[in-house]
Every structure is written in structure tokens, then in C-alpha cells.
1. Considering only residues of segment 60-84 that are of a type outside the set (A, V, I, L, M, F, W, C), surrounded by 10 or more Cβ atoms within 10 Å (Cβ to Cβ) and outside any helix (DSSP H, G or I), which is modelled with the lowest pLDDT?
2. Just the residues that are assigned to a helix (DSSP H, G or I) and in contact (Cβ under 8 Å) with a residue 12 or more places away in the chain, please, taken from segment 184-202.
3. If the Cβ limit is 7 Å and pairs must be 6+ apart or interchain, which residue in segment 149-161 that is assigned by TED's automatic domain parsing to the domain that holds F176 and of a type in the set (S, T, N, Q) pairs with which residue that is surrounded by fewer than 22 Cβ atoms within 10 Å (Cβ to Cβ) and not in a helix (DSSP H, G or I)?
4. List the number of the failed condition for S209; all other conditions in (1) more than 16 Å from Q91 (Cβ to Cβ); (2) in the same structural domain as L129 (by TED's automatic domain parsing) hold.
5. Tally time: how many residues in segment 126-183 are at pLDDT 95 or above, assigned to a loop (DSSP other than H, G, I, E, B) and among the aliphatic types (A, V, I, L, M)?
6. Of the residues that make up segment 104-117, is at least one in a helix (DSSP H, G or I), in contact (Cβ under 8 Å) with a residue 60 or more places away in the chain and of a type outside the set (V, I, T)?
7. Keeping to segment 103-133, report how many residues are in contact with a strand residue (DSSP E or B) (Cβ under 7 Å, 6 or more places away or on another chain) and either surrounded by 22 or more Cβ atoms within 10 Å (Cβ to Cβ) or not assigned by TED's automatic domain parsing to the domain that holds E67 (or both).
8. Need pairs with beta-carbon distance below 7 Å; first residue in contact (Cβ under 8 Å) with a residue 60 or more places away in the chain and within segment 83-102, second in a loop (DSSP other than H, G, I, E, B); sequence gap 6+ or separate chains.
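The values are calculated or read from the model by the stated rules, or taken from the named source; none is laboratory data. Predicted model only: the values in this text are computed from it and were never measured. Heads up, the Cβs are rebuilt from the backbone with ideal geometry, glycines too, and the neighbour counts pull from every protein chain shown.
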Amino acid sequence: MIKKWYFFLSLIGIVTFLSLGFKNEKKSLTPMAQTVEKEATISDFPFNETSISDIPFTKNLFVGFKEAIAHKESRGKYQKVNSFGYLGKYQFGVQTLRAIGVQNQHHFLNNPALQEKAFIALLSKNKSLLQSVIEKHEGSVIDGILITESGILAAAHLAGAGTVKKFFRHKGKRYFRDAYGTSLRSYLKAFGGYDTSFIVANNNATVHSI
């Protein structure tokens with residue numbers, strides 16, 4: 001009889017020991033299991049760089065130049081019309097559009113290819129008007145800003161070629177800000193250093209000649 005009690009007590013002890021050991025083991029494995037689960041989540045859904053930016057890595061290429069200006073002007077929206085009536089991806093004024101051969105504003109807003117041609121045509125015209133400024137000042141430093149051809153062309157897009165000429169004529173002391181407070185200096189700096197060498201200077205450039 002006593003032997004049976006010893007047997008049952010021993011059996012209960014063994015079961016209790018195994019049960020406690022299993023619980024402790026389960027607790028000790030829980031953090032590790034959570035870590036593995038987190039790691040699996042990261043590896044199963046790899047980081048997608050395009051979720052941060054859809055703009056390609058363009059260094060100083062022209063495509064980087066035009067898309068940087070477009071992002072500043074309109075966030076790259078072809079049908080954008082601002083509160084002052086400037087139109088499209090690159091925010092053209094009506095008079096500027098007429099100067100490069102665009103008469104129909106509605107057609108312009110709904111024609112991305114035409115807007116891209118208009119941007120090239122205006123660069124070509126401004127490069128012709130500012131050729132002497134580019135030759136004289138490119139590579140110099142004014143108020144801490146390294147002057148480059150692309151920066152000059154960008155400034156002309158913002159303020160017009162005539163205002164850019166005045167800026168350099170007054171050695172950088174001629175201040176200009178557009179209706180939204182954007183300065184000519186900021187364009188000289190932000191859009192400097194891009195390759196615009198393939199743009200042909202042509203004062204008569206229009207969307208029909210591009």
C-alpha cells in the first residue's frame with residue numbers, strides 16, 4: 001500500500017516538474033518568437049525606395065534640372081493653374097506663351113508634350129538673351145552663390161531675362177521676389193550645376209521649331 005502511494009506521489013512529482021519546465025520554456029521562447037516574427041515581417045516586405053520619391057537619381061543631368069523646376073513650380077502637375085493665372089507644369093504666363101508660339105491656353109493645359117516643348121523653347125530663347133551674362137559670370141561667386149548656366153536659366157524662368165540682366169548689372173544687389181516671395185537668388189542657387197549645354201541659344205525659338 002505504501003509503495004503504491006510512493007508511486008503515485010512520484011508520478012505526480014514528475015508530471016508537475018515537466019509541466020513547470022514546459023511553462024518556463026514557453027515563456028523564455030516568447031520574446032525570441034516575437035523577434036523572429038518582426039524580422040520576418042521586414043524581410044517579407046522589403047523597403048521600397050519609390051515609396052519615398054518617384055524622381056530618378058539624375059545627378060546633374062538635364063532631366064533632373066527640368067523635373068526639379070517643375071516640382072518647385074507646380075509639383076509637376078500639367079493642368080495646374082495658380083492664383084495669378086500661371087499655367088501648367090512649368091507655370092507659364094500668358095504673354096510668355098504667346099512669345100513662344102502658344103495661343104490656345106486650354107490646349108496647352110491638356111497637352112503635356114506641348115508643355116515640354118514650351119519649356120525647351122523658353123530655355124533656348126533665354127539662353128540667347130543671356131548669352132553675354134553666362135559667358136561673363138559663369139564660374140564666379142556672388143553672395144556665396146556659385147553662378148552656373150543652369151542657375152541663370154532657372155532664374156530667367158522665374159523672373160525673366162531682363163530682371164536677370166539687372167541682377168548681374170548691379171552685381172547681385174538688385175533684389176527680386178515673385179508674388180509668392182520666391183527670390184531670384186534662390187533659383188540661382190537651387191538649380192545651379194545642371195547640364196544645360198545641349199540647349200541651343202535661339203532668340204526666335206518657338207514650340208513649332210523645337
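1. Among residues in segment 60-84 that are of a type outside the set (A, V, I, L, M, F, W, C), surrounded by 10 or more Cβ atoms within 10 Å (Cβ to Cβ) and outside any helix (DSSP H, G or I), the one modelled with the lowest pLDDT is N60.
2. Within segment 184-202, the first condition is being assigned to a helix (DSSP H, G or I), and the residues that meet it are 184-190.
Result: L184, R185, Y187, L188, K189, A190.
3. S150/G192; S150/G193; S150/T196
4. (2)
5. 2
6. Our first condition is that a residue be in a helix (DSSP H, G or I); within segment 104-117, this holds for 105-109, 112-117.
Still in the list and also in contact (Cβ under 8 Å) with a residue 60 or more places away in the chain: 114, 117.
Those still in the list that are of a type outside the set (V, I, T) too: 114, 117.
Yes, the conditions are met somewhere in segment 104-117.
7. Within segment 103-133, the subset in contact with a strand residue (DSSP E or B) (Cβ under 7 Å, 6 or more places away or on another chain) is 105, 108-109, 118.
Of the ones still in play, those that are also either surrounded by 22 or more Cβ atoms within 10 Å (Cβ to Cβ) or not assigned by TED's automatic domain parsing to the domain that holds E67 (or both) are 118.
Qualifying residue count, segment 103-133: 1.
8. Note: pairs meeting the criteria are F84/A179; I100/A205; I100/T206; I100/V207; G101/T206; G101/V207; G101/H208; V102/V207.
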